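Have a look at the structure below before the remarks.
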């Protein structure tokens with residue numbers, strides 16, 4: 001295996017040389033014997049900032065691959081970390097992780113060559129990070145088991161087809177949710193994921209509280225706080241419900257109860273659920289990340305992270321779901337208004353990071369439609 005050195009954040013690590021594994025001039029990180037994905041730098045950049053806000057003492061990077069994530073936590077999180085467990089079931093990966101932690105002076109590293117689930121039932125940590133290739137579902141129960149009371153779990157999910165309702169059977173298998181493809185599916189997907197985490201945590205009589213949840217490029221990333229208590233778990237379960245949307249009139253919304261017919265036109269609704277209807281981001285935590293941003297001005301995606309966090313800080317105050325202006329306009333065969341004009345018309349609204357054609361608002365569907373029509377007449 002030919003290696004090359006790359007720099008990411010404050011880390012310098014060895015990774016497989018992509019040129020050795022190209023096929024017809026193209027390269028996929030999964031083709032290399034050790035997985036390193038440069039498309040996930042944004043994910044790792046923002047995770048470093050989040051971990052700095054959390055300041056955990058004991059970290060488990062359960063699916064380490066090259067070790068880059070855990071190494072960056074040690075070098076950049078500005079916290080006193082007592083131990084980081086770097087784990088991977090691949091012996092080749094473990095050998096490379098050992099080289100990389102030594103190269104970066106990670107003195108608190110413990111490198112293990114284990115099945116992640118097996119390991120997670122034997123250890124306890126303040127912060128467990130699950131960054132798999134695909135769905136995190138197989139690791140949710142074990143990772144929550146491994147977190148101490150008041151600790152944190154983080155998940156990346158790249159299986160957008162089931163989460164967003166394009167692969168319904170897969171969603172049912174992996175997340176136990178009856179999902180539909182809705183016009184605001186980008187937000188539905190992250191709430192399907194959190195719903196699964198909430199229900200898995202409840203099995204262990206634990207509750208999870210989302211601190212940071214976002215969509216970017218081709219994945220979701222969520223970080224949640226974990227607390228023990230059957231009553232807390234029950235309260236979390238009470239925040240599950242359903243999204244619905246009418247293909248005829250464009251009406252959409254959410255409810256704790258299952259609604260099958262459109263309350264506006266009587267047509268059959270498309271439904272997704274059970275989904276998480278609680279907050280997906282914690283305003284105090286997001287503000288803490290924003291206030292510390294200048295310390296991380298060196299990261300590759302500094303400007304993009306700043307934009308994302310500020311959008312999220314605006315979105316927090318509005319109810320679950322967003323209105324897709326393009327979808328609604330198409331139902332009434334009228335011009336799609338600019339998002340800025342629609343927000344100005346509604347007054348109580350904001351953009352959403354989930355979609356360039358989406359808005360979040362406390363106003364109802366008829367208010368949104370009225371503004372779309374009014375703006376369309378001015379075109």
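If you go through the range 89-142 and keep only what is touching a helix residue (DSSP H, G or I) at 6+ places or on another chain (Cβ under 6 Å), assigned to a loop (DSSP other than H, G, I, E, B) and over 23 Å from residue 200 (Cα atoms), you end up with 104, 106, 113. Identify, from the list 169, 174, the residue that is assigned to a helix (DSSP H, G or I), in the same structural domain as residue 40 (by TED's automatic domain parsing) and surrounded by fewer than 17 Cβ atoms within 10 Å (Cβ to Cβ). None of the other options fit; the residue is 169.
Restricted to the range 321-379, the set of helices (runs of 4 or more DSSP H) holding at least 1 residues that are at pLDDT below 95 comprises 365-377. Determine if the range 91-108 includes at least one residue that is touching a residue at least 24 places away in the same chain (Cβ under 8 Å), crowded, with 22+ Cβ neighbours inside 10 Å and under 26 Å from residue 211 (Cα atoms). Taking every residue of the range 91-108 in turn, none turns out to be touching a residue at least 24 places away in the same chain (Cβ under 8 Å), crowded, with 22+ Cβ neighbours inside 10 Å and under 26 Å from residue 211 (Cα atoms).
The values are calculated or read from the model by the stated rules, or taken from the named source; none is laboratory data. What you see is a predicted model, and the numbers here were worked out from it, not measured in a lab. Methodologically, a virtual Cβ is constructed for each residue, glycine included, from the backbone with ideal geometry; neighbour enumeration extends over all protein chains shown.
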